[in-house]
1. Counting helices only, and only those DSSP H runs with n ≥ 4, report the 222 nm mean residue ellipticity of the chain as the sum of -39,500 (n - 2.57) divided by its residues, in deg cm²/dmol to the nearest 500.
2. Does anything in segment 50-81 have its amide N under 15 Å from the 7 Å Cα→Cβ label point of K229, and if so which residues?
3. Using θ = phi - 60° and the Karplus form 6.51 cos²θ - 1.76 cosθ + 1.60, what ³J(HN,Hα) does each residue of segment 32-49 get, whole Hz, x for Gly and Pro?
4. Place +1 on the Cβ of every Lys and Arg and -1 on the Cβ of every Asp and Glu in the chain, take the dipole about the Cα centre, and give the residue among G67, A128, F25 whose Cα lies farthest towards its positive end.
5. Binning at 10 angstrom from zero up to the longest distance, how are the C-alpha pair distances of the chain distributed in percent?
6. When the dipole is taken about the Cα centre of the chain, and only Lys, Arg (+1) and Asp, Glu (-1) are charged at their Cβ, what size is it in debye, to the nearest 20?
7. How far, in nm, would the chain grow between E81 and K244 when pulled straight, counting 0.36 nm per residue and subtracting the alpha carbon separation?
8. Two decimals is fine: what's Rg over Rh for segment 107-252, C-alpha atoms, Kirkwood radius as Rh?
Amino acid sequence: MTPTGFESPKPVLAIEGLTVSFDGFKAVNDLNLYVDRNEVRVVIGPNGAGKTTVLDLICGKTRATAGSIQFEGRELTKMREYDIVRAGVGRKFQNPSIYENLTVFENLEMSYPAGRKVFGALFFKRTAEVIERVEQVATEIGLGEHLQRQADLLSHGQKQWLEIGMLLMQDPQLLMLDEPVAGMSVAERQATAELLKRISQGRSVLVIEHDMEFVKSIAHRVTVLHQGKVLAEGSMEAVQSNPKVIEVYLGH
Ligand SMILES: Nc1ncnc2c1ncn2[C@@H]1O[C@H](COP(=O)(O)OP(=O)(O)OP(=O)(O)O)[C@@H](O)[C@H]1O
Ligand SMILES: [Mg+2]
């Protein structure tokens with residue numbers, strides 16, 4: 001399960017000394033975290049450890065009190081949410097934010113960066129480009145046969161994949177997912193694991209998850225967060241047998 005082959009000389013994402021204080025309470029406390037290209041990193045840890053807050057900080061939803069988040073050489077802590085998306089960071093929240101009364105095709109089309117801004121002579125050319133991209137992404141997320149289906153008729157798992165597809169339309173270099181398999185069937189979890197392995201090719205994926213079977217099946221490395229700090233980091237095997245991790249998290 002360890003990553004093999006070429007590793008980029010510099011991490012795609014480099015978080016250093018990251019701290020956020022809510023009325024004096026440090027939800028994230030002097031955190032260091034480095035993620036490589038082609039890597040699937042999973043962050044685990046007890047409730048309230050600060051996992052979701054780390055994603056909020058990376059995507060600019062929450063402002064850091066101190067520290068730095070370097071993404072492909074750019075400092076994200078000073079950028080606006082919208083610009084962070086444009087810089088190539090996609091983030092999926094726990095509840096899918098798809099348009100239930102639109103089809104799979106329309107949901108994906110809406111997410112294409114240039115999809116809604118073209119007129120006149122360019123229109124037909126761009127439309128072909130959009131259609132091609134929508135079909136490509138739909139196949140990637142396993143919804144190639146359901147393009148004309150209205151989103152509210154999809155299963156829970158398919159809705160989650162559709163939202164991942166909407167992020168993929170923007171071709172993010174860093175994709176962040178908060179508890180992507182919560183509420184999914186066993187078969188949907190397995191399909192999601194395969195999907196994440198495919199889409200990590202050429203990009204970085206940062207996943208928060210509590211389901212240990214799922215974590216084991218996708219993680220190149222695991223980071224255990226506890227009280228806003230890294231408690232342990234390494235392979236799933238190493239982390240699972242770490243006495244500190246068993247004490248604060250896995251033992252319960
Ligand atoms: N905007 C906020 N204002 C005040 N406190 C916050 C805010 N966001 C998060 N917190 C607190 O920070 C701590 C970390 O919360 P966070 O949601 O990051 O935990 P988590 O690791 O994602 O937990 P879970 O596994 O339950 O999702 C919690 O104590 C939470 O109450
Ligand atoms: Mg959370």
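FYI, it's all coordinate maths here, none of it is from the lab. None of the values given here were measured: they were computed from a predicted structure. Glycine also receives a Cβ, built like all others from the backbone with ideal geometry; neighbour counts cover every protein chain displayed.
1. Details: 8 runs with 79 residues, N = 252.
So the calculated ellipticity at 222 nm is -9000 deg cm²/dmol.
2. From segment 50-81, the list is 50.
3. For segment 32-49, the Karplus-derived couplings read 10, 8, 10, 10, 8, 5, 6, 9, 9, 9, 10, 9, 10, x, x, 3, x, 5 Hz, x marking Gly and Pro.
4. The listed residue farthest towards the positive side: G67.
5. 7, 30, 35, 21, 7, 1, 0
6. Working: 28 positive and 32 negative charges, 121 e Å.
For this selection, approximately 580 debye.
7. Working: separation 163, 0.36 × 163 = 58.68 nm, distance 3.54 nm.
Full-extension gain reported as 55.1 nm.
8. Values: Rg = 18.5 Å, Rh = 17.2 Å.
Rounded to two decimals, Rg/Rh equals 1.07.
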